[in-house]
Every structure is written in structure tokens, then in C-alpha cells.
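Colleague: So that we are looking at the same thing, I have put the structure below in C-alpha cells.
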Amino acid sequence: MASQDWFEKDFYAVLGVPSDADDAAIKKAYRKLARQHHPDKNAGDAAAEQKFKDITEAHSVLSDPKQRQEYDAIRQMARGGARFTAGGPGGGAGAEGFEDVFSQMFGGQGGNVRFNTGGAGGQPNLDDILGGLFGQQGGFGQQGGFGQPGGRGGFGGYGAPRGPQRGPDIAARTTLSFRDAVAGSTVTLSGLDGQRITTRIPAGVKDGQKIKLRGKGGEGDPGAPKGDLILTVSVEPHPVFGRDGDNLTVDLPVTFAEAALGATVSVPTLDGKPVKVKIAPGTPSGRVLRVKGRGVAGKNHTGDLLAKVAILVPQRLTDEAKAAVEILRDQEAGGDPRADLFREAAKD
């Protein structure tokens with residue numbers, strides 16, 4: 001659009017938000033209007049197509065902090081009621097010249113500010129004026145306008161971006177079972193336009209991990225790429241297995257006799273194929289037994305299965321079992337299993 005349009009268009013009104021709306025409100029309004037007026041839903045409707053372009057243009061300016069600041073400054077200047085003329089002889093009666101207006105804005109005295117009034121019909125060079133206003137070097141044309149220098153969204157003079165604007169990124173969430181997160185899974189999501197998006201979640205995804213699906217976000221300007229879909233994955237807990245990085249964890253119950261005398265016991269795995277582990281005689285509760293290669297499989301590494309020994313205390317004893325335990329107690333009489341505990345606790 002021509003540079004003067006920034007004085008005339010109200011981007012806040014286009015999106016239906018107040019001028020002090022925060023980023024979240026602007027994004028919410030844009031998404032709602034974009035869905036309503038998207039060309040795919042209004043085929044052949046020229047008015048809807050123009051409305052969609054206006055919405056996209058407003059969002060591209062107001063969602064960028066730098067562009068929004070500059071737009072607000074220009075709007076504020078326009079609301080001040082100044083009528084710009086070339087100044088000097090022949091200027092319109094009662095109209096302020098650029099020198100007067102900008103001298104007042106920047107505290108100048110008696111016409112100390114000078115602007116280039118070249119151009120057709122003696123019209124002021126807005127590139128030079130606004131380039132000086134916002135600290136640009138050599139006018140807006142050389143620095144890409146209100147966008148980043150040399151980046152997308154640059155402006156010739158000041159006004160619409162030179163090229164089509166990429167669509168916005170969209171946030172979404174999905175929940176996987178623990179088993180699907182470890183093994184990988186395919187999920188189907190609903191896009192902004194109601195279309196179904198099917199994607200593969202890689203094996204080993206963690207709870208809270210974000211996955212970027214390129215080109216699955218909001219629609220861009222005609223001819224511009226879509227934004228991305230940023231998918232946050234939540235993983236449900238498992239009743240038996242836990243996770244420590246790429247390792248799977250499991251609590252392994254063993255009897256007192258197995259821990260004291262030693263034994264070979266079965267350990268469950270996530271793939272349903274149990275493995276055997278050896279319990280050494282005298283194994284204490286809390287010792288971790290490692291089963292290599294039975295954890296989470298990644299691209300370059302597979303974790304282990306960590307089985308933590310938990311010794312079970314019998315709740316009911318037969319008379320014979322009770323007598324045997326009493327014999328063991330009597331044989332250990334005189335030893336204090338908590339002596340080291342109290343010794344360490346007394347240290348500074």
C-alpha cells in the first residue's frame with residue numbers, strides 16, 4: 001500500500017481490539033477472524049478475500065513490537081491534526097508546514113529542523129522525514145522500512161511489506177501413553193482450518209517435550225508459506241515403569257531369603273519379554289541392578305533397564321518360620337545395625 005495509508009488505516013479496528021491490547025489478545029482476535037474469512041472457506045467471495053488480506057496486514061504490523069511502536073507513533077501524529085504542506089511561499093493558508101510541526105515535536109526553535117520537500121508537486125519526502133523521526137540512516141528505503149534490515153517485512157518508504165508474509169505459528173498439545181512415548185506413535189490433530197493433520201511422534205519423546213511440525217501452522221499471505229505447528233507432548237505415567245533419561249526404572253520386590261541367600265529372579269520389561277537377573281547373597285534393599293539395552297531406544301543410543309531391589313517383609317509367619325527368625329536374631333545379638341548411622345549423624 002502507499003505510504004500515506006498508515007495515516008488512514010486503523011489496524012486495531014480491523015482486528016476489533018483496543019489500542020492497548022496485549023499480544024495475546026491480538027493473536028486471539030487474528031486467529032478468530034482468519035478462520036472466519038479465510039479464502040478456503042469463502043471461495044469466490046471477493047469481499048472475504050479482501051477482509052482476509054486486511055486482517056493479515058493488521059496482524060503483521062501489530063504482532064511485531066518494533067512495527068507496532070512505529071505505527072502507533074505515526075497514528076498519534078495523525079491524530080494530532082497537523083496538516084502537512086510543503087511550506088514556504090504558496091503553502092495552504094492556515095496549514096502548518098513540516099518545519100513547524102517537527103520543530104515543535106522535537107523542541108526546535110524557529111525552524112531549526114529542515115526536511116526535503118522534493119517530489120511531485122512539491123510534496124514532502126516521507127522517507128526522509130520518517131527516517132529521521134525513527135533514527136534510520138538514509139531513509140526507510142535503505143534500511144528495509146519498519147522491518148528488520150534486509151529481512152522479511154521490509155518497507156519501501158513506509159507502508160506494506162514488500163513480500164508476502166509467512167503464516168503464524170500455532171500451538172497444540174497431545175497426550176501419549178507411557179508405552180507409546182517410548183516406542184513412538186502416530187497422532188492425528190485438527191488444524192485451524194478444520195483439516196486433519198497426521199504426524200509421527202518419534203520414539204523416546206519425553207513429557208513436556210515440544211515438536212515442531214513445519215508448514216502445519218496458520219495460513220500466510222497468498223504465495224507465502226504457512227507457519228509451523230508447535231506440538232507439546234504430555235506423557236501419562238505408567239503403574240510399573242518410570243524413566244530416568246533414556247533408562248527405564250522399575251522397583252523389583254525380592255523376599256528376605258532371596259536377598260540373604262541369593263537367587264535368580266525374573267524382571268518385567270516394557271516390551272513384555274521378561275529377563276532374568278541374579279541377586280547376589282546379602283543384597284541390601286535399594287541396590288540397583290542394571291539390564292543392558294532394555295531401556296529407551298534413541299537415534300544413536302539405547303538406554304538400560306534399572307531394577308531397584310525392594311526387600312519384602314513377611315506379614316504373617318508360621319510357627320516354624322518365626323522360630324527360624326528368632327534364631328537369626330539371637331545369633332546377631334550384640335551387633336547394632338544403626339551404629340554407623342548415629343556416628344555419621346553426630347559429625348559437624
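Colleague: Please verify whether A181 is of a type in the set (G, A, S), part of a loop (DSSP other than H, G, I, E, B) and not assigned by TED's automatic domain parsing to the domain that holds R35, treating the condition exactly as stated.
Modeller: Spelling it out, it is not the case that A181 is of a type in the set (G, A, S), part of a loop (DSSP other than H, G, I, E, B) and not assigned by TED's automatic domain parsing to the domain that holds R35.
Colleague: Specify the residue that is farthest from F178 (Cα to Cα); the eligible residues are those in region 227-251 that are crowded, with 16+ Cβ neighbours inside 10 Å and under 23 Å from the mean Cα position of the chain (by Cα).
Modeller: G227
Colleague: A further question follows. Looking only at region 178-191, filter to residues that are closer than 30 Å to Q36 by Cβ and touching a strand residue (DSSP E or B) at 6+ places or on another chain (Cβ under 6 Å); which one of those is modelled with the highest pLDDT?
Modeller: Filtering region 178-191 for residues that are closer than 30 Å to Q36 by Cβ and touching a strand residue (DSSP E or B) at 6+ places or on another chain (Cβ under 6 Å), the one modelled with the highest pLDDT comes out as V187.
Colleague: Given the conditions (1) in contact with a helix residue (DSSP H, G or I) (Cβ under 9 Å, 6 or more places away or on another chain); (2) among the polar types (S, T, N, Q); (3) under 30 Å from G184 (Cβ atoms), and given that T249 satisfies all but one, which numbered condition is not satisfied?
Modeller: It fails just one condition, (1).
Colleague: Check whether at least one residue in region 280-294 is basic (K, R), part of a loop (DSSP other than H, G, I, E, B) and touching a Leu at 6+ places or on another chain (Cβ under 9 Å), and report yes or no.
Modeller: Checking region 280-294: at least one residue is basic (K, R), part of a loop (DSSP other than H, G, I, E, B) and touching a Leu at 6+ places or on another chain (Cβ under 9 Å).
Colleague: To continue, here is another question. Only one residue in D64, D45 is of a type in the set (D, E) and within 19 Å of G163 (Cβ to Cβ), so which one is that?
Modeller: The unique qualifying residue is D64.
Colleague: A further question follows. Could you tell me whether any residue of region 252-259 is surrounded by fewer than 18 Cβ atoms within 10 Å (Cβ to Cβ) and within 29 Å of the chain's Cα centre (by Cα)?
Modeller: Within region 252-259, none of the residues are surrounded by fewer than 18 Cβ atoms within 10 Å (Cβ to Cβ) and within 29 Å of the chain's Cα centre (by Cα).
Colleague: Residues that are hydrophobic (A, V, I, L, M, F, W, C): which strands (runs of 3 or more DSSP E) entirely in region 198-271 hold 3 or more of them?
Modeller: 229-235, 247-255, 263-267
The values are calculated or read from the model by the stated rules, or taken from the named source; none is laboratory data. Source: prediction; values computed, not measured. Cβ coordinates were reconstructed from backbone atoms using ideal geometry, including for glycine residues, and neighbour counts include every protein chain displayed.
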